[in-house]
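Trainee: Please see the structure below; I have some questions.
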Amino acid sequence: MKRQRGLSLISLLIGLLLATLSLMAMVSLYRGTVKQNYGESGAVRRVSRDTQLDNALMTAGVTLQNAGFGVVDGNGAAAGKAGTDLVVLSGMSLASNSTLTPSAQPVQSGHAPSGNTVLWRSQENGSLVCQGLLASPDGNVWLLQSTRDCTLAPPWSAITFTALPLLSGKAVGAGSAAVTFSVGDSSCWPYNSSTTVASGPAAASAPLKATLLVQDSQNGDVAHTVCLNNLIGWSS
């Protein structure tokens with residue numbers, strides 16, 4: 001009788017087991033790679049977050065830099081001042097995406113105000129208008145635009161804004177991020193330029209600066225400084 005040659009059932013089962021283990025390892029490696037790149041704290045998510053954050057801070061900074069532009073006295077000299085032509089509020093929110101609430105909230109006083117909302121007057125297309133930035137508790141940042149001039153004082157419901165989204169709270173980790181605006185005295189030069197020039201007099205520094213601070217417990221804090229060149233000081 002001839003002996004049969006080939007694979008036994010045991011050999012087949014062992015081979016199948018090894019193939020299954022290899023496949024499981026490959027699937028686990030694939031899932032880990034996907035999570036590392038596309039998960040909540042993955043590289044793709046971080047790049048997207050950083051891009052959105054940079055764009056939002058740049059847009060907010062360029063817009064805020066207009067504060068006080070076109071506000072002049074009877075002689076045509078710059079007259080914009082923090083406290084009257086730029087104010088900081090705390091605890092504000094949007095009502096129906098058009099007005100601010102609470103309507104009677106007082107302006108932050110002193111020479112170092114800080115809050116979640118900053119409003120200012122500036123000139124656009126030959127007319128003075130009111131603009132602002134508001135950071136809601138969920139991390140969303142809104143650009144507030146009005147088509148008419150206003151008095152920066154309560155009641156805030158008297159000012160109607162168009163609210164444009166600048167930054168989504170999801171981009172900076174919902175529930176972990178908070179955005180605050182502050183204004184203070186500082187010798188500030190736009191874009192961190194130096195006072196040293198090749199020839200001629202150096203440009204005068206701005207007497208005030210604003211800081212946009214994104215406090216993010218998950219990804220680290222980010223601060224963006226804006227020189228308020230069009231303001232000449234404080235109203236009081």
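The values are calculated or read from the model by the stated rules, or taken from the named source; none is laboratory data. Small disclaimer: the values here were computed from a predicted structure and weren't measured. FYI the Cβ positions are ideal-geometry reconstructions off the backbone, even for glycines, and counts take in every protein chain you see.
Trainee: Specify which of the listed residues (G39, G32, G70) is at pLDDT below 85, more than 18 Å from the chain's Cα centre (by Cα), among the small types (G, A, S) and more than 28 Å from N140 (Cβ to Cβ). Talk me through it step by step, then tell me what you get.
Mentor: Values: G39 fails: more than 28 Å from N140 (Cβ to Cβ); G70 fails: at pLDDT below 85.
Selected residue: G32, the only one of G39, G32, G70 that is at pLDDT below 85, more than 18 Å from the chain's Cα centre (by Cα), among the small types (G, A, S) and more than 28 Å from N140 (Cβ to Cβ).
Trainee: Which condition number in (1) of a type in the set (A, V, I, L, M); (2) within 27 Å of I232 (Cβ to Cβ); (3) more than 21 Å from the chain's Cα centre (by Cα); (4) in a helix (DSSP H, G or I) is the one that L128 fails?
Mentor: Result: L128 passes all but (4).
Trainee: Enumerate the pairs (first residue in the range 178-201 and more than 18 Å from Q65 (Cβ to Cβ) and at pLDDT 60 or above; second residue anywhere and among the basic types (K, R) and buried (at least 16 other Cβ atoms within 10 Å of the Cβ)) with beta-carbon separation below 7 Å, excluding pairs fewer than 6 apart on the same chain, so at least 6 apart or on different chains.
Mentor: Sorted first by the residue in the range 178-201, then by its partner, the list stays empty.
Trainee: If you go through the range 98-116 one residue at a time, do you hit one that is within 13 Å of S182 (Cα to Cα), in a strand (DSSP E or B) and modelled with pLDDT of 90 or more? Talk me through it step by step, then tell me what you get.
Mentor: Restricting attention to the range 98-116, the residues satisfying the condition of being within 13 Å of S182 (Cα to Cα) are 107-116.
Checking the rest, the ones that are also in a strand (DSSP E or B) come to 114-115.
From what is left, the residues that are modelled with pLDDT of 90 or more are 114-115.
Yes; the residues of the range 98-116 include at least one that is within 13 Å of S182 (Cα to Cα), in a strand (DSSP E or B) and modelled with pLDDT of 90 or more.
Trainee: Right, something else. Residues of the range 48-76 being within 15 Å of V179 (Cβ to Cβ) and small (G, A, S), which ones? Step through it out loud before you land on a result.
Mentor: Taking the range 48-76 and keeping what is within 15 Å of V179 (Cβ to Cβ), we get 49, 52-61, 63-64.
The answer is A56, A60, G61.
Trainee: While we're on this one: Out of everything in the range 112-130 that is surrounded by fewer than 20 Cβ atoms within 10 Å (Cβ to Cβ) and out of contact with any Gly (no Cβ under 7 Å at 6 or more places or on another chain), what residue ends up being farthest from F161 (Cα to Cα)?
Mentor: Initially, the range 112-130 is screened for residues surrounded by fewer than 20 Cβ atoms within 10 Å (Cβ to Cβ), giving 112, 114, 123-129.
The next check asks that each one be out of contact with any Gly (no Cβ under 7 Å at 6 or more places or on another chain); those that pass are 114, 124-127, 129.
Working: S114: 21, E124: 15, N125: 18, G126: 19, S127: 16, V129: 11 Å.
The residue in question is S114.
Trainee: Can we say G91 is at pLDDT below 90, part of a loop (DSSP other than H, G, I, E, B) and not hydroxyl-bearing (S, T, Y)? Lay out the reasoning, then the answer.
Mentor: Values: at pLDDT below 90: no; part of a loop (DSSP other than H, G, I, E, B): yes; not hydroxyl-bearing (S, T, Y): yes.
Criteria not met by G91.
Trainee: I've got another one for you. Name the single residue that is surrounded by the fewest Cβ atoms within 10 Å (Cβ to Cβ) among those in the range 87-97 being within 13 Å of T180 (Cα to Cα) and of a type outside the set (S, T, N, Q).
Mentor: Here the answer is G91.
Trainee: Looking only at residues in the range 142-159 that are among the polar types (S, T, N, Q) and surrounded by 14 or more Cβ atoms within 10 Å (Cβ to Cβ), which one is modelled with the lowest pLDDT? Outline the logic, then answer.
Mentor: First, the residues of the range 142-159 that are among the polar types (S, T, N, Q): 145-147, 151, 157.
Then keep just the ones that are surrounded by 14 or more Cβ atoms within 10 Å (Cβ to Cβ); that gives 145-146, 157.
Values: Q145: 93, S146: 92, S157: 89.
Taking the candidates together, the pick is S157.
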